[in-house]
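Step one of this worksheet: look at the structure below.
No lab work stands behind these numbers, since they all come straight from the coordinates. From a predicted model like this one, the values you see are computed outputs, not experimental measurements. Glycine gets a Cβ as well: all are built from the backbone with ideal geometry, and neighbour counts include every protein chain shown.
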Amino acid sequence: MSRRKFLIGMGGIAVASTPGMLLAARSRLKVGIVGGGIMGASIALHLAQAGADVTVFEKTAPASGATGKSFAWLNAFSDDAHYRDLRLQSLAAYHQLQAQMQLDITWGGSLLWKQEPEAAVKLRERALRLDRAGYRMRVLGPEEFSALAPNLVPGAFEAAVYAGLDGHLDPVQVTHKFLDEAMKYGAGVLYPCEVTDLKFSGSRLTGVATTSGEYSLDRLVIAAGVDTPTLAAKADYVVPLQHSPGILAHSVPLPALIRTVNEHLPVSFKQTSSGRIVGTDSSYAPEIPVHREILRGRQEFPSAELRSMHGRRILDRIATLLPGARGAPLQRLTLGFRPLPEDGFPIVGYVPGSDHVYIAVTHSGVTLAAIMGQLIGREILDDLALAALAPYRPQRFSDQAL
Ligand SMILES: Cc1cc2nc3c(=O)[nH]c(=O)nc-3n(C[C@H](O)[C@H](O)[C@H](O)COP(=O)(O)OP(=O)(O)OC[C@H]3O[C@@H](n4cnc5c(N)ncnc54)[C@H](O)[C@@H]3O)c2cc1C
């Protein structure tokens, strides 16, 4: 069977937000989704709303992968125009979902500031460029800065920028909301239930084998985060991901101090709607001898002492910028692994040679989940290939196919 391939421009995205219509035509298509992270959950929601027969297979628990360890800053920072537009569309899609489902999203914008003159020039230039391209940015002086974030003590800075469209959310809560809503439309969410194999008749997918038995399926979406390569290999596709660990300290809840996402590199932080300060002082694991293992592969923190040492240091650094958070007890420190494609862009679409096995793996998956759910739901149910996803196809790496 070969899929129809229509290319629909970015304008087509708006149509996708109206479930039903064309989608109803394939309404009982049986779609399995591997992964109960925010991507799998959003895809499940949109497919189930449109009438598909959806089953989510999650090997541990919803949001237990990268999603539960994510900073969850919703933003459109990218110098690639197509990708930036996709991210902006996702921010708009979150506004729609928030209105429909009462999602708890803080639309406080983000603040970025620099002290070093050279970095400041670059930040200002980038902000002007992005603003001209439609991603609203404002360069701030010290007075405007304190008016926006009175509890921040940024120190003397050479440049500060406010990205007013940005927001942040609690990714665990939102993932559960997506799955709960999908279940209202009849989706099954199975966990713990690991997909262990893909079943084919010739080149046609017939279903999956799981730790709870076999399921027959018409389509399979692999949204398994950093585990995507293992399953995709069973469909003869090599998913090129970078290894990218990241830690985040979470404080206990504090009174409301700040609504913006704040970035004064290497420190970035936010305050969740439940009052927790969440942040980090390094977006990667520095290359020092004690990090040898973590730089090689996935692992848990070796000890509770190490967790609290990192967590305390991060919260103390944040408190130098946000004195109201001084001494806040650490609630937990997470160590997560970003599903980061080799070239930094999402990998979304049917694997080469298959009309049945679809991959959805991306960094910034929290930002992108809202729009990805819409677009992927539409591609699968309407047999479309949308231009909005054209640059992100698995085929761009197909010279690496097994
Ligand atoms: C430290 C850190 C900071 C981040 N900051 C941001 C940010 O500020 N903004 C942003 O937009 N993004 C951010 N990200 C990236 C974002 O969190 C991820 O892109 C997103 O969570 C990916 O969601 P996902 O559903 O694709 O993957 P995951 O959340 O990893 O979900 C995949 C799920 O699949 C399950 N699974 C795997 N294999 C199987 C199997 N065989 N059978 C059944 N289930 C299986 C796993 O248990 C897991 O729950 C950050 C990530 C990290 C780690």
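Quick rundown of the values:
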item	result
Spacing of the two label points (7 Å from each Cα toward its C-beta) at Ser398 and Arg296, in nm	3.6
Segment 64-103 versus segment 264-284: alpha-carbon centroid distance in Å	17
Fewest-first ranking of Glu118, Glu181, Glu158, using other Cβ atoms within 10 Å as the exposure measure	Glu118, Glu158, Glu181
Angle in degrees between helix 81-101 and the longest Cα principal axis of the chain, rounded to the nearest 10	90
In Hz, Karplus ³J(HN,Hα) per residue of segment 291-307 (6.51, -1.76, 1.60; θ = phi - 60°; x = Gly, Pro)	9, 3, 5, 5, 6, 9, x, 7, 7, 8, 4, x, 8, 5, 4, 5, 4
Gain upon complete extension [His95, Ser274; 0.36 nm per residue less C-alpha separation]	62.5 nm
Relative contact order, percent, the chain [alpha-carbon distance under 8 Å, six or more residues apart]	26
Positive-end extreme of charge dipole, segment 97-217 - chosen from Leu217, Leu103, Pro154 (charges on Cβ)	Leu217
Packing-based exposure ordering (other Cβ within 10 Å, fewest first) of Val226, Val361, Val161	Val226, Val161, Val361
Angle in degrees between helix 171-184 and the longest Cα principal axis of the chain, rounded to the nearest 10	30
Label point distance in nm, Ala61-Ala156, each placed 7 Å from Cα along Cα→Cβ	5.0
Estimated FRET transfer efficiency when R0 is 41 angstrom, pair Arg132-Asp197 (beta carbons, to 0.05)	0.25
The chain: Rg to Rh, with Rh as the Kirkwood radius over Cα pairs	0.97
Sequence-distant lysines (8 or more away, or on other chains) whose Cα lies within less than 19 Å of Lys114	Lys122, Lys270
Burial ordering of Ser354, Ser274, Ser308, fewest other beta-carbon atoms within 10 Å first	Ser274, Ser308, Ser354
